[in-house]
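*Asks:* Here it is, the structure, as structure tokens.
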Amino acid sequence: MENVLRIDTVSEHDAFYHRENLHPLVSVIDFTGTTPKVYASRMNFGFYAVYLKDVTCGDVKYGRHTYDYQDRTLLFVAPGQIIHVDINEDYRPQGYALLFHPDLIRGTALGKHIDDYTFFSYESKEALHLSEKERKIVLDCFEKIRYELEQGTDKHSKLLISSNIELFLNYCTRFYDRQYITRQDTNKAILEKFEVLLKDYFQSDKPENTGLPTVSYCADQLHLSANYFGDLIKKETGKTPTEYIHLKVIALAKQKILDPAKSISEIAFELGFKYPQHFTRFFKKTTGLAPNDYRSLN
């Protein structure tokens, strides 16, 4: 297997593209006229990276999927994730990148809730596609960060830079919300597949052998990252995937409880609970009634 090129610092990344580094923890790169030191490599970063690609420029393998960059696309990479770019000696990158190390935002408002920006854990095929107007906003944010870097470091630099990065990420959150809306047909199709997946799961022997379906299992079966899947389901239904699964379990449990031939223990095992008492607590917490009380009332 091809070795992974580990780039731990922002300075190393700038040097990789023969660019001057203005700050060891953060950088904004314009790739125009650059050439990488290596033409094909699996890369693992020790920092956050956001790539704005303006033209189709090659296949990027990110996670288990290949993504063909399209016009005006933002791709987010979190520390520790691996990106694999298949490029040749004629390759000349175009576009921009924002790179920032976790140490830059440590102790800042952004550092306290960086995990809220779940798109850093999306897969490449779940990248953000921008309108021309949105692209201009992104470049304006990059320009503000670049401006601060060119002023040199003073006591205000960290706050101003981290605040501008946070502003940029908040815009990205808005743009992703827009993308969810413009892809409603696709999202509804995913929701329908989720429904079928749960139906098939509970009609099989998987609950007794494996337990309740997990969010990661469902996302994997639908070929989505867990975070993207979670955000999509939340926006489409108002509920998290876990809440959605639990509602499905309760609905099935109510049906089964009305069958007097089944004991509560049998129902618990059929639904994927390892212990009947866990099912009883789960059912009572959700409905306000113990399973036997619900059976008696109905």
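The values are calculated or read from the model by the stated rules, or taken from the named source; none is laboratory data. Fair warning: this is a prediction, and the values are worked out from it, not measured in the lab. Glycine gets a Cβ as well: all are built from the backbone with ideal geometry, and neighbour counts include every protein chain shown.
*Asks:* May I ask you to list the residues in the stretch 224-239 that are surrounded by fewer than 19 Cβ atoms within 10 Å (Cβ to Cβ) and without any contact (Cβ under 8 Å) to a residue 40 or more places away in the chain?
*Replies:* 234, 238, 239
*Asks:* To continue, here is another question. If we keep just the residues of the stretch 109-126 that are among the small types (Gly, Ala, Ser) and touching a helix residue (DSSP H, G or I) at 6+ places or on another chain (Cβ under 6 Å), which is modelled with the lowest pLDDT?
*Replies:* Checked the stretch 109-126; the qualifying residue modelled with the lowest pLDDT is 121.
*Asks:* Can you confirm whether the stretch 241-254 contains a residue that is assigned by TED's automatic domain parsing to the domain that holds residue 192 and over 30 Å from residue 189 (Cα atoms)?
*Replies:* Checking the stretch 241-254: not a single residue is assigned by TED's automatic domain parsing to the domain that holds residue 192 and over 30 Å from residue 189 (Cα atoms).
*Asks:* Only one of 175, 168 is at pLDDT 95 or above and in a helix (DSSP H, G or I). Can you tell me which?
*Replies:* Being at pLDDT 95 or above and in a helix (DSSP H, G or I) holds for just one of 175, 168, which is 168.
*Asks:* From 190, 267, which residue is crowded, with 16+ Cβ neighbours inside 10 Å, over 18 Å from the mean Cα position of the chain (by Cα) and of a type in the set (A, V, I, L, M, F, W, C)?
*Replies:* After ruling out the rest, the residue left standing is 267.
*Asks:* Among the residues of the stretch 131-142, which ones are touching a residue at least 60 places away in the same chain (Cβ under 8 Å) and over 9 Å from residue 168 (Cβ atoms)?
*Replies:* Those that are touching a residue at least 60 places away in the same chain (Cβ under 8 Å) and over 9 Å from residue 168 (Cβ atoms): 132, 134, 135, 139.
*Asks:* Mind checking whether some residue in the stretch 144-158 is over 15 Å from the mean Cα position of the chain (by Cα), charged (D, E, K, R) and not in a helix (DSSP H, G or I)?
*Replies:* Yes.
*Asks:* Give the stretch 139-162 a look and list any residue that's crowded, with 17+ Cβ neighbours inside 10 Å and either outside the structural domain of residue 104 (by TED's automatic domain parsing) or within 15 Å of residue 111 (Cα to Cα) (or both), or say none.
*Replies:* Answer for the stretch 139-162, where residues must be crowded, with 17+ Cβ neighbours inside 10 Å and either outside the structural domain of residue 104 (by TED's automatic domain parsing) or within 15 Å of residue 111 (Cα to Cα) (or both): 158, 161, 162.
*Asks:* Picking from 204, 163, which residue would you name as being hydroxyl-bearing (Ser, Thr, Tyr) and in contact (Cβ under 8 Å) with a residue 40 or more places away in the chain?
*Replies:* 163
*Asks:* What's the total number of residues in the stretch 194-223 that are charged (D, E, K, R), loosely packed, with under 14 Cβ neighbours inside 10 Å and more than 21 Å from residue 269 (Cβ to Cβ)?
*Replies:* Total meeting the criteria: 1.
Each row is one residue, and each column tells you yes or no for (1) under 18 Å from residue 253 (Cβ atoms); (2) not polar (S, T, N, Q).
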site: 155; (1), (2): no, yes
site: 158; (1), (2): no, yes
site: 170; (1), (2): no, no
site: 173; (1), (2): no, no
site: 179; (1), (2): no, no
site: 186; (1), (2): no, no
site: 190; (1), (2): no, yes
site: 202; (1), (2): yes, yes
site: 209; (1), (2): no, no
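*Asks:* Among the candidates 44, 88, which residue alone is at pLDDT 85 or above, farther than 21 Å from residue 169 by Cα and either not assigned by TED's automatic domain parsing to the domain that holds residue 8 or not in a helix (DSSP H, G or I) (or both)?
*Replies:* 44
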